[in-house]
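A.B. asks: Mind looking over this structure? Questions follow.
The values are calculated or read from the model by the stated rules, or taken from the named source; none is laboratory data. Remember, it's a predicted structure, so these values are computed and weren't measured experimentally. All Cβ positions, glycine included, derive from the backbone under ideal geometry; neighbour counts span all protein chains shown.
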Amino acid sequence: MLLMFTILFMPFSFIITKLQIPLSPFHIGLPISNIGKETRNLYKKGSVGRPNFAAVNTQKTDKMKTRQLGASGLSVSELGLGCMGLSHGYGPATNENEAITLIRHAYELGITFFDTAEVYGQGANEQLVGKALHHVRDKVIIATKFGFNNGRNTDGLDSRPERIRQVAENSLRYLKTDYIDLFYQHRVDPNVPVEDVAGTVKELIAEGKVKHFGMSEASVQSIRRAHAIQPVAALQSEYSMFWREPEKEIIPLLDELGIGFVPFSPLGKGFLTGKMTAATEFDPTDWRNIMPRFSKENREANQTIVELVTKIASQQNATPAQIALAWLLAQKPWIAPIPGTTKLSRLAENIGSVTITLSNDDLANIDEALADIRLQGERYPASLAGLQGR
């Protein structure tokens, strides 16, 4: 009786904290009117805030393992979450409450590696990640990026030491943290020697504000030069069945230097999910509208690779997206892809990829089939192509 009486008169927040009751969006103050239908369907009436994961396929998500990003000692979940699309690049920003719910579900399902950047909505995406994860900060790895002027990817590059420090301070505030786990140079700035960039991040590491240094879409030469000043923990660049260019020079270099690889767009910006056709209409603010590879003609021409992935998926009792991710995970043990999504069902689907094992024969057959496919369209328009591989 005494125990029951005590519990009845405890503050609600104390009960939640001590008894570790999982919170629904409703219990964390998210208005039900602002929570999307898909999110609401995860919560049955009278469920005491416990998500109804029967609404989506989350089988075997307890199988998520960790991976070491090269020789850095940085351990991350084998699959991360790219958060960019929640507020930047792929149409209107996701409702903040729904985005926070999705990020928290990713954590609950085993993802501990979250990727953001200052230019994803001029700090909005970092703030989103900070709000979603500040209560589990010591249990997650958060990566963010510097390198653009004014926090906008339309205003040119700026990796001057003073700008790097300014971005670091902003990111620490937005992310509600006192350290950044992985701080990438978003794009190499031709006007600032990479040695100066690496040296500045090295100082931030010594100050305890940053744990690890990363680079993104950098060339072999730039990676070597920066690594000689401050070891590069990870490189983030595009890599998937839809874009295999890193296999020529980048992956061998990373293997040599002990640098981890974090592929962005591991699903080919959605193309490898099998849900995109020539008839697909993008939102006017979706940046795929300006990418040659995503013109209607090239989407039609490139359906061959979708057909291949779909065929393999049917043989493996999986989805095309799961096969595309499983293929990436099988390439190297120090690769950790960061697929993004705005949908809880897609999140669960992507996480399901970690349970799929492709045999050596499977991988050889896939490589042989991919070698016969000639993909059409450049990855970026000329105005953006120059930012890559410097």
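A.B. asks: Contact list please: Cβ distance under 7 Å, first residue in segment 71-88 and farther than 16 Å from residue 126 by Cβ, second residue among the basic types (Lys, Arg) and assigned to a strand (DSSP E or B), pairs at least six apart or on different chains.
C.D. replies: 76/67; 78/67
A.B. asks: Could you say which residue among 248, 211 is without any contact (Cβ under 8 Å) to a residue 12 or more places away in the chain and of a type outside the set (A, V, I, L, M, F, W, C)?
C.D. replies: Only one candidate passes the filter, namely 248.
A.B. asks: In segment 89-148, what residues are acidic (Asp, Glu), touching a helix residue (DSSP H, G or I) at 6+ places or on another chain (Cβ under 7 Å) and farther than 20 Å from residue 350 by Cβ?
C.D. replies: Selection gives 96, 118, 126.
A.B. asks: Against the definition (at pLDDT below 95 and of a type in the set (Val, Ile, Thr)), how does residue 154 come out, yes or no?
C.D. replies: It is true that residue 154 is at pLDDT below 95 and of a type in the set (Val, Ile, Thr).
Each row is one residue, and each column tells you yes or no for (1) of a type in the set (A, V, I, L, M); (2) surrounded by 22 or more Cβ atoms within 10 Å (Cβ to Cβ).
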site	(1), (2)
192	yes, no
200	no, yes
209	no, no
223	yes, no
243	no, no
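A.B. asks: For segment 230-262, give me each residue that is within 10 Å of residue 71 (Cα to Cα) and assigned to a loop (DSSP other than H, G, I, E, B).
C.D. replies: 231, 258
A.B. asks: Can you name every residue in segment 358-390 that is hydroxyl-bearing (Ser, Thr, Tyr) and either touching a Ser or Thr at 6+ places or on another chain (Cβ under 9 Å) or at pLDDT 95 or above (or both)?
C.D. replies: 359 - this is the single residue of segment 358-390 that is hydroxyl-bearing (Ser, Thr, Tyr) and either touching a Ser or Thr at 6+ places or on another chain (Cβ under 9 Å) or at pLDDT 95 or above (or both).
A.B. asks: Considering each of 342, 280, 319 in turn, give the residue that is among the hydroxyl-bearing types (Ser, Thr, Tyr) and in contact with a Ser or Thr (Cβ under 6 Å, 6 or more places away or on another chain).
C.D. replies: None of the others qualify; the one that does is 342.
A.B. asks: Output the residues belonging to segment 324-338 that are part of a loop (DSSP other than H, G, I, E, B) and touching a residue at least 40 places away in the same chain (Cβ under 8 Å).
C.D. replies: 331, 332, 333, 334, 336, 337, 338
A.B. asks: Another question, then. For segment 290-307, does any single residue satisfy the condition of being without any contact (Cβ under 8 Å) to a residue 40 or more places away in the chain and not in a helix (DSSP H, G or I)?
C.D. replies: no
A.B. asks: Please enumerate the residues belonging to segment 279-303 that are surrounded by fewer than 16 Cβ atoms within 10 Å (Cβ to Cβ) and among the hydroxyl-bearing types (Ser, Thr, Tyr).
C.D. replies: Result: 280, 285.
A.B. asks: Something else: Among the residues of segment 325-348, is any among the basic types (Lys, Arg), over 17 Å from the mean Cα position of the chain (by Cα) and exposed (fewer than 14 other Cβ atoms within 10 Å of the Cβ)?
C.D. replies: Checked segment 325-348: no residue is among the basic types (Lys, Arg), over 17 Å from the mean Cα position of the chain (by Cα) and exposed (fewer than 14 other Cβ atoms within 10 Å of the Cβ).
A.B. asks: Could you pull out the residue among 328, 347 that is over 11 Å from residue 266 (Cα atoms) and not small (Gly, Ala, Ser)?
C.D. replies: From the options 328, 347, the qualifying one is 347.
A.B. asks: Also, I was wondering about something else. Test residue 159 against the stated conditions and say whether it is surrounded by 19 or more Cβ atoms within 10 Å (Cβ to Cβ) and assigned to a loop (DSSP other than H, G, I, E, B).
C.D. replies: When the stated conditions are applied, residue 159 passes them.
A.B. asks: Here is a check on your reading of the model: is residue 71 of a type outside the set (S, T, N, Q), at pLDDT 90 or above and within 21 Å of residue 133 (Cα to Cα)?
C.D. replies: Judged against the criteria, residue 71 is not a match.
A.B. asks: Which of (1) part of a loop (DSSP other than H, G, I, E, B); (2) at positive phi is the odd one out, the single condition residue 178 does not satisfy?
C.D. replies: Failing condition for residue 178: (2).
Every residue, every condition in (1) assigned to a loop (DSSP other than H, G, I, E, B); (2) under 22 Å from the mean Cα position of the chain (by Cα); (3) of a type in the set (A, V, I, L, M); (4) under 19 Å from residue 69 (Cβ atoms), yes or no:
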site: 150; (1), (2), (3), (4): no, no, no, no
site: 163; (1), (2), (3), (4): no, no, no, no
site: 188; (1), (2), (3), (4): yes, yes, yes, no
site: 199; (1), (2), (3), (4): no, no, no, no
site: 211; (1), (2), (3), (4): no, yes, no, yes
site: 218; (1), (2), (3), (4): yes, yes, yes, yes
site: 225; (1), (2), (3), (4): no, no, no, no
site: 228; (1), (2), (3), (4): no, no, yes, yes
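A.B. asks: Another question, if that's okay. Give the residue, chosen from 117, 93, that is in contact with a strand residue (DSSP E or B) (Cβ under 7 Å, 6 or more places away or on another chain) and either assigned to a strand (DSSP E or B) or touching a residue at least 12 places away in the same chain (Cβ under 8 Å) (or both).
C.D. replies: On inspection, the qualifying residue turns out to be 117.
A.B. asks: Being in contact (Cβ under 8 Å) with a residue 12 or more places away in the chain, among the basic types (Lys, Arg), within 25 Å of residue 83 (Cα to Cα) and part of a loop (DSSP other than H, G, I, E, B) narrows it down to one residue among 269, 275; which is it?
C.D. replies: Answer to the check: 269.
A.B. asks: For segment 340-350, state whether one or more residues are among the aliphatic types (A, V, I, L, M) and at pLDDT below 95.
C.D. replies: no
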